[in-house]
Structure formats: structure tokens, C-alpha cells
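Report on one structure; see the data block that follows.
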Amino acid sequence: MASTQTSIDVVMPQMGVSVSEGTIVRWVKQEGERIEADETLLEISTDKVDTEVPSPASGVVTEILVPEGETVEVGTVLARIGGEGAAPAAPPAPEPATQPAADAAEASASEGQAPVAEPQAVAQQPAPTAEPAHSGNGKSFISPVVARIASEHGIDPSQVPGTGNGGRVTKRDIQAFIDSGASQAAPAQPEPAQAAPPPPAPVEAVAPAPPAPAPPAPAPAPVTAQAPTPAPASQEAAPPGLGETFEPMSAMRRGIAEHMRRSLDTSAHVTSAIEVDMSRVVQIREKLKKEFQSAYGVNPTYLAFIARAATETLRDYPWVNGELRGDKIVTRNYVNLGFAVELADGKGLIVPVVKNAETLNLLGMAKSIADIAKRARDKQLAPDDVAGGTFTITNPGGYGTFLGTPVISQPQAGILGTYAIVKRPSVITDENGTDAIAIRSMMNLTLTYDHRLVDGAYAGRFLRDLRERLQTWGESDY
Amino acid sequence: MALEAQLINLGTVDYREALDLQRTIAAGVADGSLPDTVLLLEHPPTITLGRRTEEGEVHVPDGAEVDVVEVDRGGKSTYHAPGQLVCYPILDLTRHGQDVKKYCRQLEEAIAQTLSAFSLEGATIEGLTGVWLQSPPRKIASIGIHLSKWVSTHGYALNVDLDPAPFTDWITACGLDGYAFTSMARELGRPVAVDEVRPVAAQTFAEVFGITFEERSPAGIARIPAFG
């Protein structure tokens with residue numbers, strides 16, 4: 001580590017979900033040369049795509065660490081910009097340079113190309129060379145049609161007996177394979193068919209990924225350290241045993257796996273639960289429903305009520321809405337609320353974000369949630385729609401679950417779980433102090449928080465206040 | 001809610017001229033002053049050398065009527081000529097998944113769907129980009145892409161109806177020694193006009209990328225700042 005006063009690392013950018021490495025094609029600037037922020041420093045290539053990598057800062061190229069022609073893992077430090085006057089670009093370059101691409105996208109036929117690097121090995125690792133010298137023969141042809149069907153059904157095409165030329169798997173082969181039930185592993189696939197008016201693979205405009213890592217650009221130190229480490233997924237898996245079926249892991253699934261693991265490795269997860277009497281909200285919702293529907297075409301869901309109440313409560317508990325960034329605690333005067341949305345039947349998870357939730361009333365919240373949820377399912381989210389969340393709500397209660405311990409969406413500090421609302425006998429006390437048993441609509445809420453930042457009592461008070469808001473929701477509270 | 005993009009049919013354009021145009025448009029797409037733009041065109045006979053073109057790949061016979069141009073795209077050498085539909089999508093890939101691999105696959109898919117409208121089954125070969133017909137492998141379309149600030153230039157070239165001999169005789173196209181190149185006309189056993197393929201290519205592209213095209217005449221380009 002050359003530690004001049006300010007030395008900024010330039011790392012191999014993340015060029016896609018399943019792109020784990022890149023090759024240095026050309027250094028546009030050499031050691032000792034001056035460079036301005038955003039000016040092209042080098043060019044890299046991946047596949048047949050050449051990409052210009054801009055300098056993340058103005059200064060002097062103090063070190064070039066990887067020579068032309070070499071292929072290295074994403075996140076590898078390629079060069080350092082430093083010397084006198086080295087300063088990070090004012091608005092940190094929007095480029096991929098230092099920041100792991102937040103968005104992934106269901107890359108349908110998940111190319112099995114995420115070759116697993118030791119997280120630490122990020123430093124220097126001159127891998128062989130990009131374009132492996134492919135011999136012309138023995139290539140497995142898979143037509144896009146077959147690839148799409150395979151991915152829709154979660155089938156590894158190599159498991160399908162091929163009758164085409166050279167054992168190639170034809171469309172008929174894969175149909176027959178599915179019809180034969182050999183692929184029974186995938187229980188739930190009615191949807192994709194209609195969900196795919198644009199014929200191609202499950203790709204689509206932009207389907208950003210799971211609770212994407214997206215570490216914040218600013219923090220100077222951890223930037224490179226946080227370079228995404230390829231999922232420790234496919235270590236040489238043992239072949240499928242009797243009765244087992246293999247299916248390929250989609251890029252999104254890999255992204256989720258990596259993120260979940262990393263979150264658990266990062267935050268000290270603790271979950272607290274509280275029971276909320278939702279009777280009032282149920283009542284008010286019944287009243288509002290018709291009005292909201294007819295006037296605005298929007299359903300005032302319970303989630304909207306909870307999101308609204310949570311946003312209010314977060315203002316009083318900035319750490320729950322905060323973040324640990326290096327050795328600093330980040331708090332905010334705004335709330336960007338993420339909502340965990342499941343994509344068709346276990347196909348993946350996406351966390352679109354409602355920005356500045358603190359400016360929304362109940363109607364605005366309901367509308368915003370409906371909008372992002374729809375766009376998430378239609379794969380119409382823009383990368384920006386999944387970035388910048390400060391707190392997340394997950395709602396597994398739709399299936400009747402009454403408790404859970406969700407995983408925090410990094411780098412946030414908390415996630416609220418909402419569960420089924422059920423009618424239960426409940427002891428209530430009337431104004432005369434008399435206890436009675438009444439039928440109430442009850443719901444559990446959980447707050448899973450990062451105990452590094454949020455303590456149990458603080459979390460408890462947050463939940464208490466949130467409950468209070470929900471239980472005393474006023475007719476005129478929007 | 002598909003994204004809006006503009007489509008421009010340029011006819012036959014000199015390679016360098018088209019390159020300048022791409023760069024101008026790319027600058028506009030990068031700064032948000034232009035929407036995603038797709039150019040469809042043909043080139044006069046031209047050999048282009050990508051960054052990874054190696055010595056010995058080019059062996060043009062003396063007197064051949066062909067331009068040789070070095071370009072800033074990935075990949076190796078290739079050959080363009082009338083009868084080949086060239087598609088240059090200038091897209092802000094941050095709106096399209098921000099993933100180079102995905103982008104390559106989408107281009108391949110668009111080509112394969114175009115071919116399939118003519119009853120040809122395009123396929124991809126693991127480890128090699130471009131789109132192929134099979135048994136034996138014959139390359140029918142090439143792909144080469146350049147990105148700057150996630151804005152793409154260059155794209156694909158689909159052999160509609162041209163003599164594929166120069167791919168192998170004049171150069172070792174794409175660095176692929178011993179591979180055959182073909183065209184739609186050759187496969188279908190009939191002449192195929194680029195005019196016939198172009199609308200299909202536009203449509204499949206729009207479908208694959210989830211965009212709707214507004215077609216602009218080349219004259220519309222004059223309105224692009226710094227051009228003409």
C-alpha cells in the first residue's frame with residue numbers, strides 16, 4: 001500500500017452480474033502522467049466488449065499495477081492515482097470505476113462463469129488470459145429458444161438427452177424432457193409464459209437485482225475493500241445423487257446468495273417482535289377503501305399504513321434509518337423505503353425503493369408502493385429504483401406466517417417484518433379499568449436490526465412507538 | 001411502458017463517416033440530450049481491425065477494392081460490404097441492465113429472432129460471440145462492442161446477401177481460423193434484399209430490448225448538435 005497523503009485506487013469495475021473478470025487492453029495514461037477525473041485511464045475488455053475506464057479522481061498516475069494483456073478479477077486494484085493535488089472527483093464519477101454495479105439482471109441462461117475467487121485474493125491475481133483458446137470442435141450448441149425454455153423450467157440443458165446433430169439438444173428434445181416429468185424439480189412454472197410478451201429470455205429493460213450491495217460511493221477507504229466478491233457458489237459441486245435434480249443457478253439467485261451471506265457476515269443481526277392491535281387500522285381501511293379505489297384507483301393496503309407509520313417513527317429513531325460506514329455513523333433527514341418484492345414464484349427477490357417516503361401521505365404511499373411493485377414484477381424498474389434505500393420493509397405475512405427473522409439489506413441497519421393479521425381473543429381494558437375479552441385484529445411486527453449500531457432498548461422503543469401509531473391511527477391521519 | 005428509442009436507417013455509409021456519427025450520437029446519449037438510438041445501415045467493402053486483431057490475420061490480395069480501417073471496438077478483424085445489414089445500437093446500458101454479458105446475449109437473441117423469421121435457426125456457441133448456423137458451424141453474424149460510460153457503440157453485422165469469401169480469403173475474420181462464414185441468401189438458396197430484413201431486425205431488436213422505436217429520417221440527424 002503506497003500511502004501518500006491521498007492515493008485513490010482504480011479497480012477493475014463490475015461489468016455485469018456474471019462477469020467476474022476483465023482484461024486490460026490498453027493503458028491510455030502511463031505512470032507519472034497527469035489525469036483529470038473522468039478522463040479515460042485505461043480500456044478493458046470482457047467478452048467482445050471493450051470498455052473505457054475513467055479515472056475516479058484528478059491527479060497523477062502514481063502506479064500501474066496490472067500490465068496490458070493481463071486478466072484480473074473484478075475489484076482488483078489496477079492503478080493508483082495520487083500525488084499532490086489528488087482529489088476525488090467532485091461528484092464521484094458515475095462510472096463503474098470504483099463501485100460495484102448495483103444492478104443485476106436476470107441473465108437468463110446463467111453462464112456458468114462465476115469462478116469463485118477467494119474474497120481476499122482481490123489484490124493481484126494475474127489469471128490466465130481472457131479469450132481461452134477455444135478449439136473449434138466439441139462445442140455445445142444451444143439455440144436461444146432452447147436456452148430460454150431451459151431457463152424458464154430451471155433445467156440444465158446438459159442434462160437433456162439431445163437427438164440433434166452431434167447430440168445437440170433441440171427444442172423438441174427439451175419439450176419431451178419437460179413433458180416426461182424429468183424436470184419435476186421445478187414445481188412452479190405457469191407464469192413465465194404469459195409474463196414474457198417480449199419473447200427473449202427473462203431479461204428485459206432493467207431488472208435490477210436483489211437487495212443489491214451498492215456500497216455508497218463516498219467512503220474513501222472501504223471502497224475497494226468492498227469490491228464484490230463472486231459468490232462462493234459453485235465450488236465443484238458433487239454430481240446429483242439418486243433422486244436429485246440439478247438446475248442452474250440464475251445470476252439473480254447468485255446475487256441474492258452472495259448478498260444474504262455477506263449481510264449475515266457484516267451485521268450483528270438481532271430480531272425483536274411486538275404484537276400490534278390493528279383493529280383501528282382495519283376499520284379505517286374499510287372506510288377509505290372505496291374512496292381510494294374510486295377516486296384514485298389505489299388500494300390502501302395494510303402495508304401502506306405500516307409504511308406510513310414506520311416512516312414517521314423512523315424520524316425519531318435515526319439510527320434505525322442509519323448506516324455504519326467505516327467507523328462513522330450515518331444518519332439522514334430523509335427516509336428511502338425499500339420493499340422486498342418477490343418475483344414470480346421464487347424466481348428472485350428485488351427491493352425497489354420509494355424515495356423520500358417522509359414526503360408521502362397515506363395515499364401517496366399506497367400509490368408509490370403499487371407502482372414500484374408493479375414495475376418490479378413487469379421488470380420495468382430502472383437501476384435508480386433499487387438504489388439508495390435507507391430502511392426496508394418485508395411482508396411475508398400474506399401467507400399466514402406470524403414471525404420471521406429477515407436479513408438486513410446492506411448497508412442498512414434495519415428491516416421491518418410484517419406478518420399476518422388474525423382475529424384473536426384479546427384482553428382489553430375499558431375506560432373504567434374493567435378488563436374484558438374482545439375479538440381484535442392482531443398482527444406481529446418484527447424489527448431486525450444491526451446490533452453494532454442499534455441496541456435492544458432503542459429497537460424496543462422504536463417498535464413501541466410504531467405500535468402506538470398504528471393503534472391510535474386517527475380518522476383524519478393520512 | 002417501453003423505453004423510447006429512435007431508429008435511423010442510413011442506407012450505405014462510409015465506415016469512418018458512420019463511426020464519427022456514432023461518436024457524436026454516443027456523446028448525446030451519454031449526456032442525456034439524445035434518446036437511445038439505433039442505426040441500421042450498410043457499408044461499402046471495408047475491413048475493420050479491432051483491438052485484438054493479430055498479425056497475420058489480414059491478408060488482402062493486391063488490387064482488392066476494399067478499405068482497411070482500425071477501430072476502437074473489441075474483437076478482431078471483420079469484413080463489411082453491401083448486402084450485410086449493420087446495426088449500431090447506441091444505448092445507455094444503465095437503462096438496460098448494466099451488464100456487458102447480458103447486452104451481448106440480447107444482441108445475439110435479436111439476431112437469432114431475425115433469422116428465425118426467415119426460418120433459419122441461429123445459435124450461439126459457448127465461448128464465441130456472434131451468431132451461427134449449425135452443423136457444420138457457419139458464422140452468419142458478427143458482434144463487436146465498445147462502451148464508454150456505459151454507452152454502447154458498434155454492434156452487429158448480419159450477412160444477408162454478400163459473398164462471404166473475403167471473411168476467410170482476405171482476413172482471418174474474428175481470429176477464427178478454419179471456420180466458415182455464410183449469408184442468409186446462401187442458406188435460403190435465393191436472393192435476399194437487405195430491405196427485406198431491415199424491418200424485421202428493427203422489430204426483433206425492439207422486442208428483445210423492450211423499447212419502442214420512433215423512426216427518424218437521416219435528415220433528422222442534422223438536428224443533432226455538432227453534426228452537419
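Looking at region B:79-90, is at least one residue at pLDDT 95 or above, under 24 Å from A:GLU52 (Cβ atoms) and of a type in the set (Phe, Trp, Tyr)? Looking for residues that are at pLDDT 95 or above, under 24 Å from A:GLU52 (Cβ atoms) and of a type in the set (Phe, Trp, Tyr), one finds at least one in region B:79-90, hence yes.
What do you reckon, is B:GLU187 farther than 24 Å from B:GLU70 by Cα and either free of Cβ contacts under 8 Å to residues at least 12 places away in the same chain or facing chain A (nearest Cβ under 7 Å) (or both)? Taking the combined requirement at face value, the residue does not satisfy it. Restricted to region A:272-353, the set of strands (runs of 3 or more DSSP E) holding at least 2 residues that are at pLDDT 90 or above comprises A:323-325, A:328-330, A:337-339. Scanning region B:84-121 for residues being at the interface with chain A (Cβ under 7 Å from one of its Cβ atoms), assigned to a loop (DSSP other than H, G, I, E, B) and not polar (S, T, N, Q) gives a total of 4.
With the structure loaded, tell me whether B:ALA157 is under 30 Å from B:VAL60 (Cα atoms), modelled with pLDDT of 90 or more, crowded, with 17+ Cβ neighbours inside 10 Å and not acidic (Asp, Glu) or whether it fails that test. So B:ALA157 fits the description; yes.
Rundown of residues vs (1) free of Cβ contacts under 8 Å to residues at least 24 places away in the same chain; (2) buried (at least 19 other Cβ atoms within 10 Å of the Cβ); (3) in contact with an Asp or Glu (Cβ under 9 Å, 6 or more places away or on another chain); (4) of a type outside the set (Gly, Ala, Ser), yes/no style:
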{"residue": "A:VAL298", "(1), (2), (3), (4)": "no, yes, no, yes"}
{"residue": "A:ILE306", "(1), (2), (3), (4)": "no, yes, no, yes"}
{"residue": "A:ASP327", "(1), (2), (3), (4)": "yes, no, no, yes"}
{"residue": "A:ARG332", "(1), (2), (3), (4)": "no, no, yes, yes"}
{"residue": "A:LYS347", "(1), (2), (3), (4)": "no, yes, yes, yes"}
{"residue": "A:VAL353", "(1), (2), (3), (4)": "no, yes, yes, yes"}
{"residue": "A:THR359", "(1), (2), (3), (4)": "yes, no, no, yes"}
{"residue": "A:GLY364", "(1), (2), (3), (4)": "yes, no, no, no"}
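In region B:39-54, of all residues being away from chain A (no Cβ under 14 Å) and assigned to a strand (DSSP E or B), the one that is modelled with the lowest pLDDT corresponds to B:ILE47.
Evaluate the following for B:TRP132: is it over 28 Å from B:PRO45 (Cβ atoms), over 13 Å from the mean Cα position of the chain (by Cα) and more than 7 Å from chain A (Cβ to nearest Cβ)? No, not satisfied.
For region A:443-478, taking the residues that are among the acidic types (Asp, Glu) and assigned to a helix (DSSP H, G or I), the one that is nearest to A:LEU416 (Cα to Cα) is identified as A:ASP465. Listed by first and then second residue, the pairs with beta-carbon distance under 6 Å, at least 6 apart or on different chains, first residue in region B:136-148 and of a type in the set (S, T, N, Q), second at pLDDT 90 or above, are B:SER142/B:ALA157.
For B:GLN98, only one of the following conditions fails: (1) in contact with an Asp or Glu (Cβ under 9 Å, 6 or more places away or on another chain); (2) free of Cβ contacts under 8 Å to residues at least 60 places away in the same chain; (3) surrounded by fewer than 24 Cβ atoms within 10 Å (Cβ to Cβ). What is its number? Checking B:GLN98 against (1) in contact with an Asp or Glu (Cβ under 9 Å, 6 or more places away or on another chain); (2) free of Cβ contacts under 8 Å to residues at least 60 places away in the same chain; (3) surrounded by fewer than 24 Cβ atoms within 10 Å (Cβ to Cβ), the one that fails is (3). Of all the residues in region B:138-150, those that are facing chain A (nearest Cβ under 7 Å) and closer than 25 Å to B:VAL194 by Cβ number 4.
When you look at A:GLY433, is it in contact with a Gly (Cβ under 6 Å, 6 or more places away or on another chain) and in a loop (DSSP other than H, G, I, E, B), yes or no? No; evaluated as a whole, the condition is false for this residue.
The values are calculated or read from the model by the stated rules, or taken from the named source; none is laboratory data. These numbers were taken from a predicted model, which means no experiment stands behind them. With ideal geometry, Cβ positions are generated from the backbone for all residues, glycine too; neighbour counts draw on all protein chains shown.
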